[in-house]
Amino acid sequence: MTKKAFIFDLDGVIVDTAKYHFLAWQNLANGLGISFSEEQNEQLKGVSRIRSLEKILEWGNKTISEEEFTSLMTKKNEEYLNYIETMDTSEILPDVPRVLEYLLTKEQAIALGSASKNARIILDKVLLKEKFHEIVDGTDVSKAKPDPEVFLIGAQKLGVAPKDCIVFEDSVAGVQAANIANMVSIGIGDADVLHEADYVFSNFTEITEEFINQLVITKKV
Ligand code: BG6
Ligand code: MG
């Protein structure tokens, strides 16, 4: 088989942490008197911590000082860290280990491509760190998704051309980043929300070994 690279987003793809980000941002927005809907939250998925707070403030038409901005980011992260404190392997999303194991038996390259600065902590908690040949996270990038930087660094570290990379993403921004990088984009979630992806599945349970084999042999032009 040819060697391809499979790049996984973390939050909402490998683990169900998207709900914790939502709760923490919702609390913060409400504390500022800004309403915050599920639709708005969809626009924050995959987006960096700093850009997320900027967007919430824009939606609420609020201007704050630099000090307050920094302190709100810290507050949000502290609340988020409280939620993930007790995380264990039970929070791995269905069939993620099966797909990772299958890729490893097929000797495919695997990387993490996450916007989160907490990615390594989470991978440790759910005991999946050693499944990844490379980890690229929010501490390695300067540009937030939909900028393709995080995925391009992953491809480069694995030594695989972008067109031979396949990205799993639950966010609109992440699917766009993969598309801009000329990678194959696989949306995990709602097909209407992730309509820009090359393929969409509700979850990894729907991803068969036959489908993975196809990805490995098919060339993207
Ligand atoms: C992304 C999440 O993976 O990471 C976003 O989808 C989050 O919701 C971003 O804001 C940054 O995460 P963190 O853990 O560094 O605040
Ligand atoms: Mg995500």
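Overview of results
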item	result
Pairs with Cβ under 7 Å, 6+ apart, first in region 109-127 and more than 23 Å from Asp164 (Cβ to Cβ), second of a type in the set (Phe, Trp, Tyr) and open to solvent by less than 60 Å² (accessible area, probe 1.4 Å)	none
Tally, over region 36-59, of residues that are among the β-branched types (Val, Ile, Thr) and either in contact with a His (Cβ under 8 Å, 6 or more places away or on another chain) or assigned to a loop (DSSP other than H, G, I, E, B) (or both)	1
Top-ranked residue in region 28-59 [being within 14 Å of ligand 1 (Cβ to nearest atom) and of a type in the set (S, T, N, Q); ranked as nearest to the chain's Cα centre (by Cα)]	Ser48
Scan of region 1-59 for residues that are surrounded by fewer than 16 Cβ atoms within 10 Å (Cβ to Cβ), away from ligand 2 (no atom under 16 Å from the Cβ) and of a type in the set (D, E, K, R), ordered by number	Lys3, Glu39, Glu54, Glu58
Residue selected from region 192-217 under the condition surrounded by 12 or more Cβ atoms within 10 Å (Cβ to Cβ) and within 15 Å of Lys163 (Cα to Cα), by the criterion farthest from the chain's Cα centre (by Cα)	Val216
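The values are calculated or read from the model by the stated rules, or taken from the named source; none is laboratory data. This one's a predicted model, so the numbers in the text were calculated from it and none came from an experiment. For neighbour counting, all protein chains shown are included, and Cβ atoms are generated from backbone atoms with ideal geometry for every residue, glycine included. Keep in mind that these areas ignore ligands, DNA and RNA; they rest on the heavy atoms of the full protein, side chains included. Shrake-Rupley method; radii C 1.70, N 1.55, O 1.52, S 1.80 Å.
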